[in-house]
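Novice: Supplied in structure tokens, the structure appears directly below.
The values are calculated or read from the model by the stated rules, or taken from the named source; none is laboratory data. In this text the structure is predicted, and so the values were computed from the model without any measurement. So basically every Cβ, Gly included, is an ideal-geometry build from the backbone, and we count neighbours across all protein chains shown.
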Amino acid sequence: MVLFVQTLVNGQLMKIIHSIKQMQSFSESVRREGKKIALVPTMGSLHEGHLSLMRKKAGEDFLIVSIFVNPTQFGQGEDYEGYPRDLENDAKLVESVGGECIFAPDVVGMYPEFFQTTIKVAYITKNLCGISRPAHFEGVATVVAKLFLAAKPHYAIFGEKDFQQLMVIKRMVKDLNFDLEIVSAPIVRENDGLAMSSRNRYLSPEERKAALSLFRALIESRKLYDAGQLDADALIEHAYKIIRSEKLARIEYIKVCDAETLEDIKTVSRNAVMALAVHFGRARLIDNIVLRV
Ligand code: PAF
């Protein structure tokens with residue numbers, strides 16, 4: 001069921017589709033017209049980071065943005081209920097970058113009664129966020145596969161801020177032979193360096209100030225790396241010191257991992273990623289920086 005359509009500034013119609021079947025047949029019709037479909041999967045509460053992903057779609061390609069707060073990727077006690085939701089404002093933002101369709105399924109449509117089929121990417125989900133959120137990536141992989149099957153994109157665009165998520169999706173696409181391409185886009189930051197995230201809105205002014213330590217820690221650690229420090233523990237300790245100086249920060253992890261396998265490393269001898277998760281009040285923030293060899 002197409003619940004409503006809006007007139008775009010350029011006179012075209014933007015559709016908001018809630019039903020999976022409708023989405024599939026609509027995407028089929030777009031494909032039959034010979035257009036390429038770009039999908040940007042999101043959980044809504046859109047910000048400039050999401051818009052930068054949408055702007056990555058090429059020229060005349062047809063942009064679908066999915067908006068679905070996916071319950072299966074939230075753990076117990078996490079912010080599923082309170083996760084910000086504002087479809088009306090999101091629609092305006094999608095429209096502002098030339099998006100032509102929003103796919104906003106509901107939970108019952110995505111997870112019918114007796115739902116029991118999931119996708120588990122085995123190894124790269126174990127480290128980093130997978131330690132404190134053991135079911136998270138199974139939820140992500142499963143919902144993203146379902147979004148692919150509904151929206152039938154030629155390519156899908158994901159941000160590098162969720163570095164591990166990006167790797168998980170790439171792995172799944174390769175392992176399951178999905179006929180689409182994964183495009184990645186760099187982290188978008190506020191002017192002062194804070195990585196854009198829907199969860200930044202949970203931060204009080206004091207927490208937001210303290211959260212600037214994340215980017216500072218990553219940048220300073222990379223400077224140390226650029227100056228010749230290849231020892232992972234030394235780089236991690238450097239980042240710890242900077243973030244620990246902020247009383248409001250509760251560090252979940254700071255790690256240096258192989259950029260492909262996401263395994264912890266002792267020495268940076270291949271491309272690596274320094275990744276961290278830090279809590280400020282009720283906001284759990286993640287960020288990362290790549291250390292290229
Ligand atoms: O990155 C997100 O917003 C979500 O994890 C995603 C990819 C939309 C799956 O729910």
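Novice: Among the residues of the range 198-205, is there at least one that is under 20 Å from residue 64 (Cα atoms) and either at pLDDT 95 or above or among the small types (Gly, Ala, Ser) (or both)? Talk me through it step by step, then tell me what you get.
Specialist: The initial filter retains those residues of the range 198-205 that are under 20 Å from residue 64 (Cα atoms), namely 198.
Keeping just the survivors that are either at pLDDT 95 or above or among the small types (Gly, Ala, Ser) (or both) gives 198.
Yes, some residue in the range 198-205 is under 20 Å from residue 64 (Cα atoms) and either at pLDDT 95 or above or among the small types (Gly, Ala, Ser) (or both).
Results for (1) away from the ligand (no atom under 15 Å from the Cβ); (2) in a strand (DSSP E or B), shown as yes or no for each residue.
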site: 14; (1), (2): yes, yes
site: 28; (1), (2): yes, no
site: 49; (1), (2): no, no
site: 58; (1), (2): yes, no
site: 76; (1), (2): yes, no
site: 84; (1), (2): no, no
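Novice: Within the range 17-26, which residues are in contact (Cβ under 8 Å) with a residue 12 or more places away in the chain, in a helix (DSSP H, G or I) and away from the ligand (no atom under 16 Å from the Cβ)?
Specialist: Across the range 17-26, the qualifying residues are 22, 24, 26.
Novice: Out of 187, 131, which single residue is more than 11 Å from the ligand (Cβ to nearest atom), touching a residue at least 12 places away in the same chain (Cβ under 8 Å) and in a loop (DSSP other than H, G, I, E, B)?
Specialist: Exactly one of 187, 131 is more than 11 Å from the ligand (Cβ to nearest atom), touching a residue at least 12 places away in the same chain (Cβ under 8 Å) and in a loop (DSSP other than H, G, I, E, B), namely 187.
Novice: Note down all Cβ pairs under 6 Å where the first residue falls in the range 148-171 and is free of Cβ contacts under 8 Å to residues at least 40 places away in the same chain and part of a helix (DSSP H, G or I), the second is more than 10 Å from the ligand (Cβ to nearest atom) and among the hydroxyl-bearing types (Ser, Thr, Tyr), and they're at least six residues apart or on different chains.
Specialist: Correct list of pairs: 166/184.
Novice: Which one of these is polar (S, T, N, Q), touching a His at 6+ places or on another chain (Cβ under 7 Å) and at pLDDT 95 or above: 245, 221, 213, 269? Working first, answer last.
Specialist: Numbers: 245 fails: touching a His at 6+ places or on another chain (Cβ under 7 Å); 213 fails: touching a His at 6+ places or on another chain (Cβ under 7 Å); 269 fails: touching a His at 6+ places or on another chain (Cβ under 7 Å).
Within the list 245, 221, 213, 269, the selection yields 221.
Novice: Shifting gears a bit: How many of the residues in the range 97-111 are assigned to a loop (DSSP other than H, G, I, E, B) and over 30 Å from residue 59 (Cβ atoms)? Show your work before the answer.
Specialist: Taking the range 97-111 and keeping what is assigned to a loop (DSSP other than H, G, I, E, B), we get 97-100, 104-106, 111.
Filter again for over 30 Å from residue 59 (Cβ atoms), leaving 106, 111.
The total comes to 2.
Novice: Can you tell me which residue is surrounded by the most Cβ atoms within 10 Å (Cβ to Cβ) among those in the range 39-63 that are more than 16 Å from the chain's Cα centre (by Cα) and in contact (Cβ under 8 Å) with a residue 60 or more places away in the chain? Before you say what the answer is, go through the steps one by one.
Specialist: So the first thing to find is which residues in the range 39-63 are more than 16 Å from the chain's Cα centre (by Cα), and the list is 57-63.
Imposing the further condition that a residue be in contact (Cβ under 8 Å) with a residue 60 or more places away in the chain reduces the set to 57, 61.
On the way: 57: 25, 61: 17.
Looking at the filtered set, the residue picked out is 57.
Novice: Suppose we filter 144, 121 for residues that are within 12 Å of the ligand (Cβ to nearest atom), crowded, with 19+ Cβ neighbours inside 10 Å and either part of a helix (DSSP H, G or I) or free of Cβ contacts under 8 Å to residues at least 60 places away in the same chain (or both); which single one remains? Step through it out loud before you land on a result.
Specialist: Values: 121 fails: within 12 Å of the ligand (Cβ to nearest atom).
None of the other options fit; the residue is 144.
Novice: Residue by residue through the range 86-98, note down the ones that are in contact (Cβ under 8 Å) with a residue 12 or more places away in the chain and more than 15 Å from the ligand (Cβ to nearest atom). Quick ask: steps written out before the conclusion?
Specialist: Our first condition is that a residue be in contact (Cβ under 8 Å) with a residue 12 or more places away in the chain; within the range 86-98, this holds for 86-87, 89-91, 93-98.
89, 91, 95, 96, 97, 98, listed by residue number.
Novice: Let me ask another. Being surrounded by fewer than 19 Cβ atoms within 10 Å (Cβ to Cβ), within 19 Å of residue 227 (Cα to Cα) and not polar (S, T, N, Q) is the filter here; which residues of the range 266-293 pass it?
Specialist: Answer for the range 266-293, where residues must be surrounded by fewer than 19 Cβ atoms within 10 Å (Cβ to Cβ), within 19 Å of residue 227 (Cα to Cα) and not polar (S, T, N, Q): 266, 270, 290, 292, 293.
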